[in-house]
Amino acid sequence: MAILQVLNLGRTEYKSCWELQKRAFDLRSTGLIPDTLLLTEHDHVYTIGKSGNDNHLLAHEQELRAKGISVFHNDRGGDITYHGPGQLVGYPILDLKDHYLDLHRYLRDLEEVIIRTLAAYGIDGKRVEEYTGVWVGDEKICAIGVKSSRWITMHGFAFNVNTDLSLFDRIIPCGIFEKGVTSLRQVLYQETDFMIAQETVVNEFAHVFGCDVKRETSGDLAALSVDDPNGEGALSTVNQHES
């Protein structure tokens, strides 16, 4: 059975975590690390995918500065979304050649991970045919946007656990006008233990992708510290905060 290395980064600034993703992608491409799942909560940020529309960001620059929200354009699929504290973000760095050569199936499997996680809480999560992601009723609880090159994956999912949903009010999430967003906290009417939710996601990910989990602690991430030409480990660029 394949190994899935799970790295809990704690809370991170988006740009530095993106750089870490790219480092992990390079290491996975050359076979220096196994399949890896990076887990984090980001500082407040709006990210816009390569097919995104800047007009779907409704907040002006002064408002963004006042709220401490960054904006980044990146190379994932999809439109605009929000990341921030209370939201579990997962970046699977997988070699799909070891699983299947089917990106559509990969997206459906990421959705399946979250659907199974929600079922563990007694929540009926579902897919909506014309959109990617996971929904509870007509509200999205998990956004998904990925990139693949040479069948190595980047980017991933953003699962609203205890997310402040008011931060979605200043964007048109994923460019979808007619539907809303929700979180575990909102559906369950109470704060959810973030670490238990994270552990549930990891377990369901391992089941869906048929992996044995190898966990690394947030204080010991040497698994990505393979020497690079500049003599720096991958973690030197990551601004880590314990959450």
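Listing for the model above:
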{"item": "Arg76 being touching a Gly at 6+ places or on another chain (Cβ under 6 Å), among the basic types (Lys, Arg) and in contact (Cβ under 8 Å) with a residue 12 or more places away in the chain", "result": "yes"}
{"item": "Set Asp98, Asp35, Asp109: member being modelled with pLDDT of 95 or more, within 30 Å of Thr192 (Cβ to Cβ), touching a strand residue (DSSP E or B) at 6+ places or on another chain (Cβ under 7 Å) and of a type in the set (Asp, Glu)", "result": "Asp35"}
{"item": "Residue satisfying condition, being assigned to a helix (DSSP H, G or I) and either surrounded by fewer than 22 Cβ atoms within 10 Å (Cβ to Cβ) or among the aliphatic types (A, V, I, L, M) (or both), within set Asp75, Asp26", "result": "Asp26"}
{"item": "Subset of the range 102-155 that is among the aromatic types (Phe, Trp, Tyr) and closer than 27 Å to Phe25 by Cβ - its residue that is surrounded by the most Cβ atoms within 10 Å (Cβ to Cβ)", "result": "Tyr106"}
{"item": "Residue selected from the range 169-183 under the condition assigned to a helix (DSSP H, G or I) and more than 16 Å from the chain's Cα centre (by Cα), by the criterion nearest to Lys67 (Cα to Cα)", "result": "Arg170"}
{"item": "In the range 38-71, the residues that are out of contact with any His (no Cβ under 8 Å at 6 or more places or on another chain), assigned to a strand (DSSP E or B) and more than 19 Å from Gly86 (Cβ to Cβ)", "result": "Leu57, Val71"}
{"item": "Test: residue in the range 53-71 that is touching an Asp or Glu at 6+ places or on another chain (Cβ under 7 Å) and surrounded by fewer than 16 Cβ atoms within 10 Å (Cβ to Cβ)", "result": "yes"}
{"item": "Residue check, Ile141 in a helix (DSSP H, G or I), under 13 Å from the mean Cα position of the chain (by Cα) and at pLDDT 95 or above", "result": "no"}
{"item": "From Val161, Val226, Val213, Val201, residue being at pLDDT 90 or above and surrounded by fewer than 18 Cβ atoms within 10 Å (Cβ to Cβ)", "result": "Val213"}
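Matching residues to (1) at positive phi; (2) outside any helix (DSSP H, G or I); (3) not charged (D, E, K, R):
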residue: Val89; (1), (2), (3): no, yes, yes
residue: Lys97; (1), (2), (3): no, no, no
residue: Leu101; (1), (2), (3): no, yes, yes
residue: Arg105; (1), (2), (3): no, no, no
residue: Glu112; (1), (2), (3): no, no, no
residue: Thr117; (1), (2), (3): no, no, yes
residue: Ile123; (1), (2), (3): no, yes, yes
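The values are calculated or read from the model by the stated rules, or taken from the named source; none is laboratory data. Fair warning: this is a prediction, and the values are worked out from it, not measured in the lab. In this analysis, Cβ positions are derived from the backbone assuming ideal geometry, glycine residues included, and neighbour counts consider all displayed protein chains.
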